[in-house]
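Worksheet for the structure shown next.
What follows draws every value from the coordinates through simple rules; no lab data is involved. As the structure is a computational prediction, the values presented were derived from the model and not from experiment. All Cβ positions, even for glycine, are placed from backbone atoms using ideal geometry, and neighbour counts span all protein chains on display.
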Amino acid sequence: MKRPHIVLIGLMGTGKTTIGKRLARDLGREFVDTDALVEKRAGKSVRDVFVEDGESAFRDIEAEVVADVVGRDEPSVIAAAGGAVLRATNREHIKGCETVVWLDAPTSLLVKRTSNRAGRGHRPLIDVDPASRLDALRLEREQVYRDTSTDRVDVEGLGIDEVVRRIVDIRNAAAEVAK
Ligand code: S3P
């Protein structure tokens, strides 16, 4: 049996948190964001974990959080931070969920969406030359996002409502198959 969650994966700036919140509200589910839970567990911001403890310490906490959220009984909407798919154990947890949607968008859009918090937000990996960094991350991760997801939604040109509608359709189709 698959875990009853909807998991959103994809690069920084694809809208996992924004879409996830709206989706959760519309479906009457709880919304969980792995970055927010990492911050709670670490007692400091994602940026501070990266800067003070290093990326691998961040990935260790992230892995604990992924295992926890996927293990919840309550059907939830989970926004899995962009790098959560990097560890094999995380991928296994995520693939064990009913619906895993890869949100995708061209790098130009991701740069636009992430630039307002550049240098101070929770994305230290793209502080310098975000377009090249995001292209490099795409190259590294694209196949992983593809293999880990059940579906892909290209969000370019779509409003929040339309993206949410598509994910609801995807999840209803998955539930139908699971019957
Ligand atoms: C990261 C994505 C970020 C945050 C951290 C690392 C990544 O989360 O976890 O900066 O490696 O892609 P979002 O995907 O929510 O921006």
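Details
- The charge dipole of the stretch 127-171, taken about its Cα centre with unit charges on the Cβ atoms of Lys, Arg (+1), Asp and Glu (-1) only, comes to about 200 debye.
- Placing +1 on the Cβ of every Lys and Arg and -1 on the Cβ of every Asp and Glu, with nothing else charged, gives the stretch 45-121 a dipole about its Cα centre of roughly 520 debye.
- Helical runs assigned H by DSSP (4 residues or longer) give the chain a calculated mean residue ellipticity at 222 nm of -16000 deg cm²/dmol, each run adding -39500 (n - 2.57) before division by the residue total.
- Size descriptors for the stretch 1-88, from the alpha-carbon set: Rg then Dmax equal 12.9, 40 Å.
- Farthest towards the positive end of the charge dipole of the stretch 17-103, among the residues Trp102, Val65, Gly82, is the Cα of Trp102, using unit charges on the Cβ of Lys, Arg, Asp and Glu.
- Between Ala79 and Leu8, Val32, Asp33, Thr34, the built amide H atoms are under 5 Å apart, and every one of these is 5 or more places off in sequence or on another chain.
- Magnitude of the charge dipole for the chain, about its Cα centre and with charges confined to Cβ atoms of Lys, Arg (+1) and Asp, Glu (-1), is about 280 debye.
- The stretch 100-113 - phi-based ³J(HN,Hα) in whole Hz, Karplus 6.51/-1.76/1.60, Gly and Pro as x: 10, 9, 8, 8, 10, 6, x, 4, 4, 5, 5, 5, 4, 6
- In order through the stretch 160-166: 3J(HN,Hα) via Karplus (6.51 cos²θ - 1.76 cosθ + 1.60), integer Hz, x for Gly, Pro: 4, 4, 5, 5, 4, 4, 5
- Scanning residues 5 or more positions from Arg152 or on other chains, those with amide H under 5 Å from its amide H are Trp102, with H placed 1.01 Å from N in the peptide plane.
- Distance from the Cα centroid of the stretch 141-162 to that of the stretch 1-67 is 17 Å (rounded to whole angstrom).
- Under 14 Å, Cβ to Cβ, from Val155 - net charge with Lys/Arg +1 and Asp/Glu -1: +1
- Across the stretch 59-65, coupling constants 3J(HN,Hα) worked out from phi with the 6.51/-1.76/1.60 Karplus curve, θ = phi - 60°, read 5, 5, 5, 4, 5, 4, 5 Hz, and Gly and Pro carry x.
- Over the chain, the ratio between the Cα radius of gyration and 2.2 N^0.38 Å evaluates to 0.98.
- In terms of its Cα atoms, the stretch 120-176 spans 44, 25, 20 Å along the principal axes, sorted from long to short.
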